[in-house]
Amino acid sequence: MSKWKWFAIFIIITEFALVILCNVIYIRENSGSGDRMYRVEAHRIVTGATEEAWSHEMIMQTDLSEYETIMGISEYVPEESCRNDYLVEEINGRLYRIEYRTSGNEGTLLFINGVLLMMMLLTVAVFWYVHQKVLRPFHAMTHLSYELAKGNLAVPVKEEKSKLFGRFLWGMDMLREKLEDNKEKELEYQKERKTLILSLSHDIKTPLSSIELYSKALAEDLYDTEEKRKEALVGIARNVKEIKGYVDEIVTASREDFLNLEVESGEFYLSEVMEATKAYYKEKLSVIHTEFEVEEAEECLVKGDKNRLMEVLQNIMENAIKYGDGRSICISFGEEEDCKLIHVKNSGCNLKEEEMPNLFDSFYRGSNSHGVKGNGLGLYICKNLMRKMDGEVYAECGKESFTVTVVVRKA
């Protein structure tokens with residue numbers, strides 16, 4: 001049995017024991033109080049009637065409004081039945097039935113027990129709800145991350161109607177589909193790349209064989225005229241050029257779309273992206289004591305992919321944090337024809353002028369990257385994403401600052 005079930009049983013048993021304990025204490029504290037009250041009041045009636053020598057009619061007409069527990073007085077007839085509790089007392093030589101009620105302790109006790117029972121039922125209901133709506137769906141999901149980590153992406157995630165986990169499972173299933181799609185695209189890409197490399201490798205063999213034959217003939221002095229030797233050299237140069245073309249194709253194929261950067265174009269307000277970026281980095285930069293300022297973004301409708309633009313800004317911000325001097329980062333805005341400009345400026349710049357043209361190349365890292373973790377892909381990704389969104393990104397290095405400008409098309 002799980003620890004949760006043991007815990008639930010312990011709580012319920014404890015509450016049940018508390019109910020019993022409360023009843024015992026209440027009964028013990030109130031036992032005899034009702035007896036004393038009705039006996040005292042009955043004794044008052046008997047004493048008063050005896051001392052004043054009341055007649056039978058006076059006794060029968062006794063005003064009972066002054067008494068809390070006495071309900072009625074009648075002459076005692078053994079054969080008559082009575083629904084109420086009663087005492088038989090002798091008054092002036094005759095027997096009288098004095099009916100009474102207790103002081104109401106039973107009703108109070110019933111009320112207390114009812115409240116405690118409701119609390120127990122509420123506790124059971126809460127435990128049942130937590131088990132059915134939280135623990136059971138959670139235990140059913142424990143295998144998801146393990147299966148995803150193993151690469152089992154084909155089986156869809158079972159839907160859950162729970163409001164607590166329904167959206168989470170929907171997101172997990174979207175993640176699974178995305179991973180599965182990326183896996184299929186990666187396999188297809190690897191297949192195409194291997195096919196291309198094998199094809200180009202086969203094509204390279206022909207000019208290589210020609211170069212080998214020309215070189216061997218020249219080395220063994222098989223050409224008897226200067227004209228034939230020049231023809232051989234021309235043939236070698238031609239085949240070298242052909243091989244170089246094949247190599248360029250291999251390099252181009254290996255660089256293109258290796259990150260599979262997809263963009264879903266649409267329209268959105270720039271202020272939404274800036275508010276999210278500001279909220280994400282405000283606390284992070286305050287921890288490292290970097291001054292962070294963001295100009296107020298106007299409600300400008302722009303074109304592109306909202307999530308991808310946020311990714312671009314995050315890459316630029318991370319670079320500003322890693323390669324700046326940590327004093328300040330500022331985001332400002334500008335206008336240019338039908339475009340909105342986003343300037344991300346950080347203090348500190350120790351790049352050389354000749355390095356600037358290569359900053360947006362894949363796997364390129366500047367001279368200021370020594371000792372800083374990275375792979376040289378951040379700005380490359382920004383460049384490709386912005387171009388796919390019909391935008392642009394460029395960088396400028398000042399004496400004491402470095403600025404990256406993102407160009408976004410207005411809608």
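Just so you know, all these numbers are worked out from the coordinates, no wet-lab data involved. It should be emphasised that the depicted structure is a prediction, and the values quoted were computed from it without experimental measurement. Positions of Cβ are backbone-derived with ideal geometry, glycine not excepted, and every protein chain shown enters the neighbour counts.
Can you bin region 268-359 into rounded, prolate or oblate? Criterion: square roots of the alpha carbon gyration tensor eigenvalues sorted a ≥ b ≥ c, rounded for a/c under 1.5, prolate for a/b above b/c, oblate for the rest.
Because a/c hits 1.5 or more and a/b fails to exceed b/c, region 268-359 counts as oblate.
Given H placed 1.01 Å from N in the peptide plane, which residues other than close sequence neighbours of residue 292 have an amide H under 5 Å from its amide H?
Those qualifying (amide H under 5 Å, at least 5 residues apart or on another chain) are 329.
Provide Rg over Rh for the chain; use the alpha carbon set for both Rg and the Kirkwood Rh (inverse mean inverse pair distance).
Rounded to two decimals, Rg/Rh equals 1.45.
Of all DSSP beta bridges in the chain, what percent run antiparallel (nearest 5)?
90 percent
Using the basic label-point model (7 angstrom from Cα toward the beta carbon), what is the residue 101 to residue 66 distance in nanometres?
Placing both labels 7 Å along Cα→Cβ, they lie 2.1 nm apart.
As an exercise, use a Förster radius of 45 Å and the Cβ-Cβ distance of residue 246 and residue 327 to find the FRET efficiency, rounded to the nearest 0.05.
0.35
Collect residues whose amide H, placed 1.01 Å from N in the peptide plane, falls under 5 Å from the amide H of residue 377; neighbours closer than 5 in sequence don't count.
Amide H neighbours of residue 377: 363.
State the antiparallel share, in %, of DSSP beta bridges confined to region 205-339, rounding to the nearest 5.
Expressed as a percentage, antiparallel bridges in region 205-339 total about 55.
What is the extension gain from residue 338 to residue 15, computed as 0.36 nm multiplied by their sequence separation minus the C-alpha to C-alpha distance, in nm to one decimal?
109.2 nm
Out of 378, 14, 286, whose Cα points farthest toward the positive end of the dipole of the chain (charges: +1 Lys, Arg; -1 Asp, Glu; placed on Cβ)?
378
Go through 185/241; 373/410; 306/345 and tell me which ones have a Cα-Cα distance over 25 Å in this structure.
185/241; 373/410
Quick one, could you list the DSSP H helices from the chain stretching 15 Å or more along their long axis (Cα atoms) with average Kyte-Doolittle hydropathy of 1.6 or above?
105-130
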